[in-house]
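Notes follow the structure.
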Amino acid sequence: MRPSVDQLLQELGIERAALRRRGLHRYREASRLVPVGLGTDGRDKLLTPQAAQAWLSMRDAAARSGVSLLLVSAFRSAEYQASLLRARLAKGETIEVALTINAPPGYSEHHTGRAIDIGTPGCGGLDEAFENTAAYAWLEREASSFGFTMSYPRDNPQGYRYEPWHWCHS
C-alpha cells in the first residue's frame, strides 16, 4: 500500500504550517496519463491528454523554428517526489534547503500531469543557464500560445529557486 501524502510529509519532517506560510498548494495526482515519448533520462514520460497534445505541438513548432526542446521531466507521483527529497537529505541538506529546490510530496505541479521540465542540447537539464538559450527565448515568446507558463520566476512567492526550465499547462 502506498503511503499517504500526510505520511510522507511526516516521514520527511515537513510541517503543514510551514507549507501554508509559503502559500503552497496541494495538488491531486493525475488519474489519466498518456505517454509523450522518452525524456532525456531515456524513460517514457507521461502527461495528461491535454498537456500531452500541447507539449507535442509546442515541441514540433519549436523544431520548425530551428529550436530543439527536450523533455527532462513530466508527471511525478508523490512517492517519487518524496524520493527526491530523501536523496537530498541523505547528502546532508536540511529539509529547509531541500524545499527551495524540490516541492514537498503532494505539493508539486508535476503531480498534476501538466508540468514539464524542458532542456535543450548543450545545456544540462535543470540548469539556470537554460535562460540563456534559444530554447528559453523561444518559450518566452511562444509557450503561452500553447497554454504553458513558467511557474517559478525569480523571487517567486512560493520560495523556490528560479526555474526557467519548469513550465505548466493551464
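The values are calculated or read from the model by the stated rules, or taken from the named source; none is laboratory data. Everything numeric here is computed off the predicted structure, so don't read it as measured data. Methodologically, a virtual Cβ is constructed for each residue, glycine included, from the backbone with ideal geometry; neighbour enumeration extends over all protein chains shown.
Overview of results
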| quantity | calculated |
| --- | --- |
| Verdict on residue 81 being in contact (Cβ under 8 Å) with a residue 24 or more places away in the chain, assigned to a helix (DSSP H, G or I), among the polar types (S, T, N, Q) and touching a strand residue (DSSP E or B) at 6+ places or on another chain (Cβ under 9 Å) | no |
| Subset of region 112-162 [surrounded by fewer than 17 Cβ atoms within 10 Å (Cβ to Cβ), in contact (Cβ under 8 Å) with a residue 12 or more places away in the chain, farther than 11 Å from residue 69 by Cβ and among the acidic types (Asp, Glu)] | 127, 128 |
| Condition broken by residue 92, with the remaining ones in (1) in a loop (DSSP other than H, G, I, E, B); (2) under 18 Å from residue 133 (Cβ atoms) satisfied | (2) |
| Meets criteria (among the aliphatic types (A, V, I, L, M) and at pLDDT below 95) for residue 84 | no |
| Number of the exception - residue 56 against (1) in contact with a Gly (Cβ under 9 Å, 6 or more places away or on another chain); (2) in a helix (DSSP H, G or I); (3) surrounded by fewer than 12 Cβ atoms within 10 Å (Cβ to Cβ); (4) not β-branched (Val, Ile, Thr) | (3) |
| Matching residues in region 43-53 - criterion: being in a loop (DSSP other than H, G, I, E, B) and surrounded by fewer than 19 Cβ atoms within 10 Å (Cβ to Cβ) | 43 |
| Residue satisfying all of: in region 59-78; of a type in the set (A, V, I, L, M, F, W, C) and in a strand (DSSP E or B); farthest from the chain's Cα centre (by Cα) among these | 70 |
| Checklist (1) surrounded by 20 or more Cβ atoms within 10 Å (Cβ to Cβ); (2) outside any helix (DSSP H, G or I) applied to residue 40, failing item | (1) |
| Condition broken by residue 109, with the remaining ones in (1) free of Cβ contacts under 8 Å to residues at least 60 places away in the same chain; (2) out of contact with any helix residue (DSSP H, G or I) (no Cβ under 9 Å at 6 or more places or on another chain); (3) closer than 21 Å to residue 156 by Cα satisfied | (1) |
